[in-house]
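> My questions all concern the structure below.
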Amino acid sequence: MPGDGPIIKQNTVSGFQGLSDLESLSLTYEGTVIDGEQFIEEKLSYENMRITGHAVFRSFVDVDRLSVEGSAEFLDTLTCDEMTGYGNVILRKNLICGSASFLGYAEVFGDVHAETVSIAQQMKAYGRMETVNLKVGGRLTLSGKLTADTVMVKGSMSVRSIIRAIDVEYLANGVANKAVEIKAETVTVDSAVANPSDFALICDTVECDTANLAYTKADYVFCETCDIGPGSVIRVLECHNEPKIHEGASVGKILRF
């Protein structure tokens, strides 16, 4: 890692192909700026990196703080303390990160391991996602399993596998959220739109301690206590305590245990 002093050129330029001069790679006391179109072959380790052009990294990259304002493609694993993607970010393998904010477009073909993940625009992820806090204000499509402490969705999220979390909350913006199975302590679903034209959540199975479900379509709900709100259609509800079912909700079968 570079220290507090000047970055020594011969320790950094060797990792970049075709950089006989420093026109596209600016080295400063604050960090490294990559401009133009660059293809980087060797492993990199930096404190700060800012990408304003287009960069393709063919090997492992370790950065404390990374800002992608243009576009970047990582063919190997990326590790960082803090990452902000304003433009396009493509990760062909894994992302291991402290906090990751995606304000543009992102595509991850490996797994995501991060303390916090925030998605403002769009992310497609084909592996697993393990995080402490997930916030989705835009759109997330996840093929693998999602494991988290808290999940807050104000945009739309489609998970083609299981969601395991402590607290899951959907406040849908009019676009249906989809999941195969949710296992959590608390699941809360509602719509931010009055009289929505679609469900806020479509899910096969919801298994939790407390279920507060409005505008939810589910085949099976298993819980200790529940509040089934308006606009919900539940085929089978199995609840330990007496369920609360609002007018405008439809429950096909109620089981007690």
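> Just give me the residues in region 215-239 being within 15 Å of Thr186 (Cα to Cα) and either out of contact with any His (no Cβ under 8 Å at 6 or more places or on another chain) or among the hydroxyl-bearing types (Ser, Thr, Tyr) (or both), in sequence order.
Listed by number, the residues that qualify are Thr216, Val221, Phe222, Thr225, Cys226, Cys239.
> Hey, does region 205-214 have a residue that's over 16 Å from Lys178 (Cβ atoms), modelled with pLDDT of 95 or more, of a type outside the set (Asp, Glu) and not in a strand (DSSP E or B)?
yes
> Still on this structure, please answer the following. Looking only at region 243-257, filter to residues that are at pLDDT 95 or above and among the charged types (D, E, K, R); which one of those is surrounded by the fewest Cβ atoms within 10 Å (Cβ to Cβ)?
Lys253
Matching residues to (1) among the acidic types (Asp, Glu); (2) surrounded by 23 or more Cβ atoms within 10 Å (Cβ to Cβ); (3) within 30 Å of Ile90 (Cα to Cα); (4) at pLDDT below 95:
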{"site": "Asp167", "(1), (2), (3), (4)": "yes, no, yes, no"}
{"site": "Val175", "(1), (2), (3), (4)": "no, no, yes, yes"}
{"site": "Val193", "(1), (2), (3), (4)": "no, no, no, yes"}
{"site": "Ala218", "(1), (2), (3), (4)": "no, yes, no, no"}
{"site": "Cys226", "(1), (2), (3), (4)": "no, yes, no, no"}
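> Is it the case that some residue within region 158-179 is within 10 Å of the chain's Cα centre (by Cα) and not small (Gly, Ala, Ser)?
There is no residue in region 158-179 that is within 10 Å of the chain's Cα centre (by Cα) and not small (Gly, Ala, Ser).
> Has region 29-50 got at least one residue that is open to solvent by 20 Å² or more (accessible area, probe 1.4 Å), of a type in the set (Val, Ile, Thr) and either modelled with pLDDT under 95 or within 22 Å of the chain's Cα centre (by Cα) (or both)?
Yes, there is a match, as at least one residue in region 29-50 is open to solvent by 20 Å² or more (accessible area, probe 1.4 Å), of a type in the set (Val, Ile, Thr) and either modelled with pLDDT under 95 or within 22 Å of the chain's Cα centre (by Cα) (or both).
> Right, here's the next one. When region 228-242 is examined, which residues are found to be surrounded by 16 or more Cβ atoms within 10 Å (Cβ to Cβ) and either touching a helix residue (DSSP H, G or I) at 6+ places or on another chain (Cβ under 7 Å) or over 20 Å from Lys183 (Cα atoms) (or both)?
Correct list: Gly231 only.
> If you go through region 142-199, how many residues are in a strand (DSSP E or B) and either small (Gly, Ala, Ser) or without any contact (Cβ under 8 Å) to a residue 12 or more places away in the chain (or both)?
The total comes to 7.
> Is it the case, given these coordinates, that Asp198 is open to solvent by 10 Å² or more (accessible area, probe 1.4 Å) and at pLDDT 95 or above?
No, not satisfied.
> Then there is this: Are there any pairs with C-beta distances below 6 angstrom linking a residue in region 92-107 that is farther than 14 Å from Gln122 by Cβ to a residue that is at pLDDT 95 or above and among the basic types (Lys, Arg), with the two at least 6 apart or on different chains, and if so which?
As it stands, the answer is none, since no pair meets every condition given.
The values are calculated or read from the model by the stated rules, or taken from the named source; none is laboratory data. Just so you know, these numbers come straight off a predicted model, no measurement behind them. Cβ coordinates were reconstructed from backbone atoms using ideal geometry, including for glycine residues, and neighbour counts include every protein chain displayed. Calculation scope for accessible area: heavy atoms of the full protein, side chains included, ligands and nucleic acids excluded. Shrake-Rupley method; radii C 1.70, N 1.55, O 1.52, S 1.80 Å.
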